[in-house]
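In what follows, a structure is listed as structure tokens, so that the remarks can point back to it.
The values are calculated or read from the model by the stated rules, or taken from the named source; none is laboratory data. Owing to the predicted nature of the structure, the values given are computational and were not obtained by experimental measurement. Here the Cβ positions follow ideal geometry from the backbone for every residue, glycine too, while neighbour counts run over all protein chains shown.
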Amino acid sequence: MNFCRFWSSNLSEGAMPSMDLTNITQLLLQQIGLDHGTIGEHSIALGVQTRMQALRLTDVAAYAACLIVDRAELQALIEEVIVPETWFFRGLDQLCYMAEVGSRWRPSFPGHSLRVLSIPCSSGEEPYSIYMFLRHHGLEPSQIRILAVDISQRSIDRATRGEYGAMSFRETAPLCDVLRHRYFESDLRHTVIPEVRNAVQFRQDNVISPTFLADAGVFDIIFCRNLLIYFDQQSRKLALQSLQRLLAPNGYVFGGHAEQLAMLDPQLKSVGPAGAFAYQRTDAAITAARPSPQVAPSPTPSIRPAQPAFKSAFAPASDDWRAEGVSPQVVGEKTVRTQTGGLTPPARQEGSFDLLASAEQAANSGRLSDARSLCARYLEQYGPTASAMCLMGVIQQAAGELTDAERSFQKAVYLDPAHKDSLWHLKLLAEKRGDQRAVDNFNRRLARTTS
């Protein structure tokens, strides 16, 4: 179901209307860990206003309801509120120390590749810089494997193109000029050469998700600079758990200048010069360094390509999210829909369709009260189905009635144990209240349903 149907509006181009952003800031906090206090209410308000104008919406509550059920729109808002700020060779002391670590690592594990993670990778300047510094310090292309991850698909798209403007080159040290001459095409677009682009694999994922990079193995070096400062305490804890899981024994983490990782994670000790902001893992159980799991060395990393938006936090993308679980089917010249969820007998599907479709249309228009009444009338006349109970749950969730919404989704799953949309909503509600055991259970059920 697409909650964001166009409304006519008269929003002025320059006006910043007074808006209650509580529900929206809470959703951003829940889904990506963004603490609105770190970027300011004004930045979020600007992003909301931009997206509402694009959708011709005038009601903030209706837009907040849209964000709950429309993954693509939530991603679009995230693209607006996140402002990537990076450039090539940023943090020379860090990059130099990282390259020294890589050059010392190479003779210790001959035949293995150094695995590096860059999160968030933004528009690609950081992971490409990492590769250039490692090559400058003697590593061969087959010895370097870099995975670059960001929550912004817009940034990833730009990074994969490998084309940059003058603002991406702010460092003026002599070494920067050497690397720029060696690893960029001599064109007006400042394009990185194919060797560099082929060395970095880009992927979209959510670092606070418990399944973040679950299939990626471990990394010898992780760059995670200036990310945790934008998180609240709980999200910072989840992100650190992801980093702990992904860091190889004796591996290194490079943080930002405002992030004291050794204070946040007792397994990390500060190493290197003061400007490196480097930390090494020092588990008591580790007795000797060992290489991370490898596949056959290859100039092109065998890491899975970029995933759909919010791979770990949302259901797989589909043509349209439809809470009622129906899909169009053309019969002659008339378009009807066939029920796919619940236990509705075929004899009553056609007669009940108009009422349920009207409820969906009202919800799409932001008329939650009308949608609730129509859905309730459907349930009274035709009895409960998984599709109708899921739609009722979505309406209740949009109205902030989370307990009632959860009950409705549970009833939908009772009627149809494989009802994906209801399972996903139950998973998201479990994530919101911090019930990890329930989240894992719903992940398993969704995996079985998908397979």
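Of the residues making up the stretch 1-45, those that are surrounded by fewer than 15 Cβ atoms within 10 Å (Cβ to Cβ), at pLDDT 90 or above and more than 24 Å from Asp421 (Cβ to Cβ) number 1.
Only one entry of Gly102, Gly165 meets the criterion of being out of contact with any strand residue (DSSP E or B) (no Cβ under 6 Å at 6 or more places or on another chain) and more than 24 Å from Asn206 (Cβ to Cβ), and that entry is Gly165. Could you grab me the full set of residues in the stretch 52-101 that are touching a Ser or Thr at 6+ places or on another chain (Cβ under 9 Å), in a helix (DSSP H, G or I) and under 30 Å from Tyr279 (Cβ atoms)? Within the stretch 52-101, Ile78, Val81, Leu95 qualify.
May I ask you to verify whether Arg170 is under 11 Å from Phe88 (Cβ atoms) and of a type in the set (Lys, Arg)? Yes, satisfied. Kindly list the number of the only condition in (1) farther than 25 Å from Ala248 by Cα; (2) touching a helix residue (DSSP H, G or I) at 6+ places or on another chain (Cβ under 9 Å); (3) among the small types (Gly, Ala, Ser) that fails for Gly40. So the condition that Gly40 fails would be (2). Does the stretch 414-422 contain at least one residue that is under 21 Å from Leu28 (Cβ atoms), in contact with a helix residue (DSSP H, G or I) (Cβ under 9 Å, 6 or more places away or on another chain) and either of a type in the set (Gly, Ala, Ser) or at pLDDT below 85 (or both)? Checked the stretch 414-422: no residue is under 21 Å from Leu28 (Cβ atoms), in contact with a helix residue (DSSP H, G or I) (Cβ under 9 Å, 6 or more places away or on another chain) and either of a type in the set (Gly, Ala, Ser) or at pLDDT below 85 (or both). Taking the stretch 353-451 and the helices (runs of 4 or more DSSP H) fully enclosed by it, the elements with 1 or more residues that are over 23 Å from Arg71 (Cβ atoms) and of a type in the set (Phe, Trp, Tyr) are at 368-382, 402-415. In the stretch 105-113, the count of residues that are over 23 Å from Tyr230 (Cβ atoms), assigned to a loop (DSSP other than H, G, I, E, B) and not assigned by TED's automatic domain parsing to the domain that holds Val178 is zero. Count of the stretch 378-395 residues, restricted to those that are closer than 10 Å to Leu356 by Cβ and either at pLDDT 85 or above or assigned by TED's automatic domain parsing to the domain that holds Val60 (or both), is 6.
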